[in-house]
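A short worksheet on the structure shown next.
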Amino acid sequence: MDIFLQQMVNGLTIGSLYALVALGYTMVYGVMRLINFAHGDLVAFSAFIGLSVYAQIFGESITSLVAVITVFVFTAAIVAFVGVLLERLAYRPLRTAPRLSAVVSALGAGLVIQNSVMLIWGPNMKIFPSNLFPSTIWEIGGIVITFTQVMILGVSSVLMVGLYFFIHQTKIGTAIRAVAIDQDAAKLMGINVNRIIMIIFIIGSALGAVAGLFIGTYYRGITFDMGWMYGLNAFVAAIMGGIGNIPGAMLGGLLLGLFNAMITGYISTQWAETFTFVLLIGILVLRPTGILGETVAEKV
Amino acid sequence: MMNKTSLIAIALLVFMGFFPLFVDSAWLAVGTTFLVFAVVALSQDIILGRAGVFHMGHAVFFGLGAYTTAILNVNFGLPILATWAPAVLIPMLVAFIMVAPIIHLRGDYLLVATIGFNIIFIQVLENDVFGLTGGPNGLFGIDVVRLFGYDFSSQTHMYYMAFILLGLTLLIMRNLDKSKFGRAMFYIHKDEIAAQSMGINVRYFKLYAFILGAGIAGAAGSMFSVQYSAVSPEAFNVTQSIMFFTIVLVGGSASLPGVLIGTFIMFVLPEMFREFETARYLVFGIAMILTMILRPRGIWPVRFGNIPDFLKKGVK
Amino acid sequence: MKKMLPKIAASLAVCSILAGASVAADVIKIGVQAPITGSYASEGQSIDNGVKLIVEQYNAKGGILGKKIEVVTCDDQGAAQQAAICAKKLVNEGVKAVIGSYTSGATEAAQTTYHRAGVLQTSDGTSDSLIAHKYWTFFRNSFPNSAEAEYTAKYFVDGKQYKKIVILSDYSSYSTDLADATVKALKAKNANIIYEGKIKSGSQNFTATLTKIKSMDPDVIYFSGYYTDGGLLRAQQIQLGIKADFVGGDSNDNPDYMKLAGDSAKGTLLINVPTPDILPYDIAKTFLVDYKAKFNMAPASIWSLMNVDGLRAILHVMEQSKSDDTKVIAEGLHALKDFPGITGPVTFREDGERIGGGYMTYEVQADKSYKIVYQ
């Protein structure tokens, strides 16, 4: 039993990272109907930015709560700025172009980010300092949980709940939902669509940045090309939950993390990805709009 | 009267035909790779450009062809010639089984499903199913083409085999445009729902495009495995699929010269700019974005207006 | 059509210039096929550096057989398909011999092409399968997995007397081969292997597999893969509170292992041939000094030195036999007896195997230094 619970903890940790990244995909898709293929690379980019911010400000030796918070805030701000820049330069000019043109542009943007990271930080694996979080380990009834895991679970829950209320309780949140449903109608109601899209990219990129930093602190080794793997899993999570649907992305991320941990722990390491994608294709065939997605008539 | 496209096609074929006389074997190898990838890109275009299906898993069919030849040759000792037919038929069969259940999915969902198939395909190869695929390192020591005691092993032989394959592919595509299938494709691409209400069986034709594209990609895969005498999973991963996808859209979907230009840009230019090794993909990414912004329909977009050639015939 | 003609003419002109350019001056070309980028970049770059250093030293003395040596490097990224492409490329470049690659998989993928073209190849790849083809062109400059497996089994059973052994590997040809050889050697000694598993290299998160292992309460976890995963495995093992010893096969012996594992690195047992800094030979000491002077760092590991020895042996035979014919050089290499190498005497068996190999076990100390605990 404690092995099962341990696998749950493992799965939820990685699942909440997927969820944070999935939110970025799902919000952009919801508003722009665009698969933002560059998002995964932005996550990897954040990890490297975080590493440099940390080294620049604190010189790798000082650790305190203030230091950690500064690193997170700085990194999130920089990455959010890059995200907005990405939208301005690579996506906005293509808003009226054929849909696949924007997809190619997104793929190109991903290449640009990934290779910039390689040129700036080099092709070798970079190692995150181990002292960002205390190496405290708790053992509760045979289940081991580390400080970093608690931070990942805690911070991502707070961010997700916060985002949910932001979308549903605030004026900007309502505007975001309006733009997602019908851009033209939203424009007629006096909503500045460009501003809403900018906000979407700020939030999505910042959440991705937090995920990227957690990946660095949790796994320590970061590589310029790791964004693809996290991006793909998060993207799958977003679709499972129902792409365009914010609670769906959170649910999808957590479920995917759990599903992966259980498959790896009890069935097969070798076939874990196959199970994931068979599940995904199954969901697509039986319920194309995902678990929480609403069934809407196809727009003609 | 020949049209402009045919002229260009002929000029290109003549040029490519004489290409080996002027270059050394290193460039001949690049030329061979160009031809093989051009065939794959054209077959991707049948599915993506002509049938308009968002398909990002074409490396599966390319890989199936390559692995069919490799497995039959390395594990069962069949001569390469005997593997050609299975290397075309197996990808077609798999395309049918794989795609039939999902062909009705809407654009982006289909795109994700095809990515999913590609990832599953790679995992099957890596896990060395039935001990056939050689696991993550793949299969090595694939034979050369032998016929009547001659072996066609030189780079020049390889080049001309790929050249003939490209010629065949161009021929198929030419006939395709003139056929019932070509006309149906055109309507589906323009307006799927209108085509459906006109009585065109959209599912059938999309599936047809998939199976045809898979077969051609399989043939190219077989050639690829002989060219490098080795196959391994990473040559057929999603990144490769994304490459083929990008070639078609950057070049110009449903446009023959467009797809060839796309292949040239994505596969030959990187060879020429080896010295800028590290920065070249950065430049590539920027070029992809700029191309899409400046020419959203590709570098050489297909130029028929709203009235396709086959309807104009009678009017002239 | 008219418009096209000048373009075609121009392209043809360009092609003939390119063709002309590659018929270069009279040099002897040596290829390097190594992972210059990718996960094993530090090893690949180290091989490339080592080869360039030796070649530079030769050229300073006036080259070989009256010709300058030129190095052509191709980055195989540690991936098999890229290796096959590199092989074609290097053969087309007209190299006489190829040094590398670092990984067995990339080496094996390129073997056939070199053999068909009669190009010599020397690699540190340790998979036993590398010499299975008995290609006359192939020379292993390191020692095979089976030798390491024998040593490991002896250490586990006679030395440590482990009762519950877990064996982990990744999917690469080298790691699988070493794990299989180790399992075979352990079984021959009636050891109790409680779990044999695989991890996916580069997937970072190994907690699910380790949690499963935890429930089995093993004495030792043996990992036959590479340092990039080994360091993380060790860190996550300590995090999950698994008390077992962690023993890493030779490819875990890399400075990045220490960085990845952080504080958890302490207590790790690493099995390898002697590290570069404890090599007792004079040529080794000189080479290390030269290397540091030129590149301002130490070689990544012993593996690049093995490859350098492969190159040195080839150049030595070339000089002795006064021939750049690969057949003649291959015969010369087979006839070589105890050629003084940086990593010890070099002697090749008929199938290209390097004879010898003395393994050691190091325990990683708190300050990341090594202590020899078993020989």
Exercise. Would you say B:Tyr67 is more than 14 Å from chain C (Cβ to nearest Cβ) and at negative phi?
Worked result: no
Exercise. Can you name the residue in the range A:81-135 that is of a type in the set (Ser, Thr, Tyr) and touching a residue at least 40 places away in the same chain (Cβ under 8 Å) and is also nearest to A:Met198 (Cα to Cα) among such residues?
Worked result: A:Tyr91
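I'd like to check something: does the range A:154-164 contain any residue that is out of contact with any Pro (no Cβ under 8 Å at 6 or more places or on another chain) and under 30 Å from C:Ser42 (Cβ atoms)? Even if it seems obvious, please write down each step before you answer.
Of the residues in the range A:154-164, the ones out of contact with any Pro (no Cβ under 8 Å at 6 or more places or on another chain) are A:154-163.
Cutting the leftovers down to under 30 Å from C:Ser42 (Cβ atoms) gives us none.
No: zero hits.
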Exercise. Could you say which residue among A:Ile167, A:Ile120 is in a helix (DSSP H, G or I) and crowded, with 18+ Cβ neighbours inside 10 Å?
Worked result: A:Ile167
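Say whether the condition of being among the β-branched types (Val, Ile, Thr) and either in a strand (DSSP E or B) or within 22 Å of C:Val373 (Cβ to Cβ) (or both) is met by at least one residue in the range C:314-337. Before the answer, list the steps.
Filtering the range C:314-337 down to residues among the β-branched types (Val, Ile, Thr) leaves C:314, C:317, C:326, C:328-329.
Next, from what is left, pick out any that are either in a strand (DSSP E or B) or within 22 Å of C:Val373 (Cβ to Cβ) (or both): none.
So far as the range C:314-337 goes, no, none of its residues is among the β-branched types (Val, Ile, Thr) and either in a strand (DSSP E or B) or within 22 Å of C:Val373 (Cβ to Cβ) (or both).
Criterion first (modelled with pLDDT of 90 or more and not polar (S, T, N, Q)) does C:Gly118 satisfy it? Explain how you work it out, then say what you get.
Working: modelled with pLDDT of 90 or more: yes; not polar (S, T, N, Q): yes.
Yes.
Could you look through the range C:116-129, keep only residues that are closer than 16 Å to C:Leu178 by Cα and out of contact with any Phe, Trp or Tyr (no Cβ under 7 Å at 6 or more places or on another chain), and pick out the one that is nearest to the other protein chains (Cβ to nearest Cβ)? Reasoning before the result, please.
So the first thing to find is which residues in the range C:116-129 are closer than 16 Å to C:Leu178 by Cα, and the list is C:124-129.
Narrowing the set further to residues that are out of contact with any Phe, Trp or Tyr (no Cβ under 7 Å at 6 or more places or on another chain) leaves C:128-129.
Numbers: C:Asp128: 14, C:Ser129: 9 Å.
Looking at the filtered set, the residue picked out is C:Ser129.
Inspect the range C:258-268 for any residue being more than 23 Å from C:Tyr151 (Cα to Cα), at pLDDT below 90, within 20 Å of the chain's Cα centre (by Cα) and not assigned by TED's automatic domain parsing to the domain that holds C:Val55 and give the result as yes or no.
Filtering the range C:258-268 down to residues more than 23 Å from C:Tyr151 (Cα to Cα) leaves C:258-264.
Cutting the leftovers down to at pLDDT below 90 gives us C:258-264.
With within 20 Å of the chain's Cα centre (by Cα) added as a condition, the list becomes C:258.
Imposing the further condition that a residue be not assigned by TED's automatic domain parsing to the domain that holds C:Val55 reduces the set to C:258.
Scanning the range C:258-268, I find at least one residue that is more than 23 Å from C:Tyr151 (Cα to Cα), at pLDDT below 90, within 20 Å of the chain's Cα centre (by Cα) and not assigned by TED's automatic domain parsing to the domain that holds C:Val55, so the answer is yes.
Mind counting the residues in the range C:131-149 that are assigned to a helix (DSSP H, G or I) and touching a residue at least 60 places away in the same chain (Cβ under 8 Å)?
Keep residues of the range C:131-149 that are assigned to a helix (DSSP H, G or I), which gives C:131, C:145-149.
Still in the list and also touching a residue at least 60 places away in the same chain (Cβ under 8 Å): C:131, C:147-148.
Looking only at that region, the number is 3.
Here's the yes/no breakdown for (1) touching a residue at least 60 places away in the same chain (Cβ under 8 Å); (2) within 27 Å of C:Asn92 (Cβ to Cβ):
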{"residue": "B:Gly149", "(1), (2)": "no, yes"}
{"residue": "B:Leu171", "(1), (2)": "no, no"}
{"residue": "B:Met198", "(1), (2)": "no, no"}
{"residue": "B:Ala209", "(1), (2)": "yes, no"}
{"residue": "B:Ala219", "(1), (2)": "yes, yes"}
{"residue": "B:Ser229", "(1), (2)": "yes, yes"}
For this session: Scan the range A:136-149 and report the pairs whose first residue is basic (Lys, Arg) and whose second residue is surrounded by 15 or more Cβ atoms within 10 Å (Cβ to Cβ), with Cβ atoms within less than 7 Å and a gap of 6+ or a chain change.
Result: none
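Right, C:Leu240: of a type in the set (A, V, I, L, M), at pLDDT 90 or above and under 18 Å from A:Thr264 (Cα atoms) or not?
Values: of a type in the set (A, V, I, L, M): yes; at pLDDT 90 or above: no; under 18 Å from A:Thr264 (Cα atoms): yes.
No.
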Seminar exercise, completed: The residue from C:Ala132, C:Ala153 that alone is more than 27 Å from B:Gly141 (Cα to Cα) and surrounded by fewer than 23 Cβ atoms within 10 Å (Cβ to Cβ) is C:Ala153
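Quickly run through the range B:194-228 and pick out the residues that are over 20 Å from the mean Cα position of the chain (by Cα) and not basic (Lys, Arg). Even if it seems obvious, please write down each step before you answer.
Just the residues of the range B:194-228 that are over 20 Å from the mean Cα position of the chain (by Cα), to begin with: B:194-204.
Within the range B:194-228, B:Ala194, B:Ala195, B:Gln196, B:Ser197, B:Met198, B:Gly199, B:Ile200, B:Asn201, B:Val202, B:Tyr204 meet the criteria.
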For this session: Could you tell me whether any residue of the range A:20-38 is out of contact with any Gly (no Cβ under 6 Å at 6 or more places or on another chain) and small (Gly, Ala, Ser)?
Result: no
For this session: Scan the range C:234-266 for residues that are away from chain A (no Cβ under 11 Å) and over 20 Å from A:Asn131 (Cβ atoms) and report the count.
Result: 11
For this session: Please indicate, with yes or no, whether at least one residue in the range A:196-211 is assigned to a helix (DSSP H, G or I), exposed (fewer than 14 other Cβ atoms within 10 Å of the Cβ), under 16 Å from the mean Cα position of the chain (by Cα) and at pLDDT 85 or above.
Result: no
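With B:Leu93, B:Leu132, B:Leu171 as the choices, which residue is surrounded by fewer than 18 Cβ atoms within 10 Å (Cβ to Cβ), over 19 Å from the mean Cα position of the chain (by Cα) and not β-branched (Val, Ile, Thr)? Let's see the steps before the verdict.
Details: B:Leu93 fails: over 19 Å from the mean Cα position of the chain (by Cα); B:Leu171 fails: over 19 Å from the mean Cα position of the chain (by Cα).
Result of the check over B:Leu93, B:Leu132, B:Leu171: B:Leu132.
Residues of the range A:242-267 being aliphatic (A, V, I, L, M) and either assigned to a loop (DSSP other than H, G, I, E, B) or within 12 Å of A:Leu292 (Cβ to Cβ) (or both), which ones? Give the derivation first.
Initial filter on the range A:242-267 (aliphatic (A, V, I, L, M)): A:243, A:246, A:249-251, A:254-256, A:258, A:261-263, A:267.
Matches in the range A:242-267: A:Ile243, A:Ile246, A:Ala249, A:Met250, A:Leu251, A:Leu255.
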For this session: Tell me which of these A:Thr264 doesn't satisfy, since it passes every other one: (1) closer than 30 Å to B:His104 by Cβ; (2) within 9 Å of chain C (Cβ to nearest Cβ).
Result: (1)
Seminar exercise, completed: Of the residues in the range A:212-241, those that are under 16 Å from A:Phe37 (Cβ atoms) and in a helix (DSSP H, G or I) number 13
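Take the residues in the range A:173-195 that are of a type in the set (S, T, N, Q) and in a helix (DSSP H, G or I), then tell me which one is nearest to A:Leu89 (Cα to Cα). Outline the logic, then answer.
To start, the set of residues in the range A:173-195 that are of a type in the set (S, T, N, Q) comprises A:174, A:183, A:192, A:194.
From what's left, in a helix (DSSP H, G or I): A:174, A:183, A:194.
Working: A:Thr174: 26, A:Gln183: 20, A:Asn194: 13 Å.
The extreme case among them is A:Asn194.
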Problem set entry | Qualifying strands (runs of 3 or more DSSP E) (wholly inside the range C:19-115; at least 1 residues being touching a residue at least 60 places away in the same chain (Cβ under 8 Å) and within 14 Å of chain B (Cβ to nearest Cβ)) | C:27-34
Exercise. Would the range C:210-228 turn up any residue that is over 21 Å from the mean Cα position of the chain (by Cα) and of a type in the set (Gly, Ala, Ser)?
Worked result: yes
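Could you tell me whether any residue of the range C:310-320 is farther than 23 Å from A:Met125 by Cα, of a type in the set (Lys, Arg) and either surrounded by fewer than 19 Cβ atoms within 10 Å (Cβ to Cβ) or in the same structural domain as C:Gln121 (by TED's automatic domain parsing) (or both)? Give the steps one after another, and end with the answer.
Applying the first criterion (farther than 23 Å from A:Met125 by Cα) to the range C:310-320 yields C:310-320.
Next cut, of a type in the set (Lys, Arg) only: C:312.
From the residues that got through so far, the ones that are either surrounded by fewer than 19 Cβ atoms within 10 Å (Cβ to Cβ) or in the same structural domain as C:Gln121 (by TED's automatic domain parsing) (or both) too are C:312.
For the range C:310-320, residues farther than 23 Å from A:Met125 by Cα, of a type in the set (Lys, Arg) and either surrounded by fewer than 19 Cβ atoms within 10 Å (Cβ to Cβ) or in the same structural domain as C:Gln121 (by TED's automatic domain parsing) (or both): present.
Please verify whether the range B:198-206 includes one or more residues that are in contact with a strand residue (DSSP E or B) (Cβ under 8 Å, 6 or more places away or on another chain) and either of a type in the set (S, T, N, Q) or part of a helix (DSSP H, G or I) (or both).
Step one: of the range B:198-206, the residues in contact with a strand residue (DSSP E or B) (Cβ under 8 Å, 6 or more places away or on another chain) are none.
No, there is no match, as no residue in the range B:198-206 is in contact with a strand residue (DSSP E or B) (Cβ under 8 Å, 6 or more places away or on another chain) and either of a type in the set (S, T, N, Q) or part of a helix (DSSP H, G or I) (or both).
Would you pick out the residues in the range B:145-170 that are in a loop (DSSP other than H, G, I, E, B) and over 23 Å from B:Phe18 (Cα atoms)?
Keep residues of the range B:145-170 that are in a loop (DSSP other than H, G, I, E, B), which gives B:148-149, B:153-154.
Across the range B:145-170, the qualifying residues are B:Phe148, B:Gly149.
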Exercise. Under the condition of being within 14 Å of chain B (Cβ to nearest Cβ) and among the β-branched types (Val, Ile, Thr), which residue from the range C:136-186 is farthest from C:Ile355 (Cα to Cα)?
Worked result: C:Thr176
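The values are calculated or read from the model by the stated rules, or taken from the named source; none is laboratory data. In this text the structure is predicted, and so the values were computed from the model without any measurement. Heads up, the Cβs are rebuilt from the backbone with ideal geometry, glycines too, and the neighbour counts pull from every protein chain shown.
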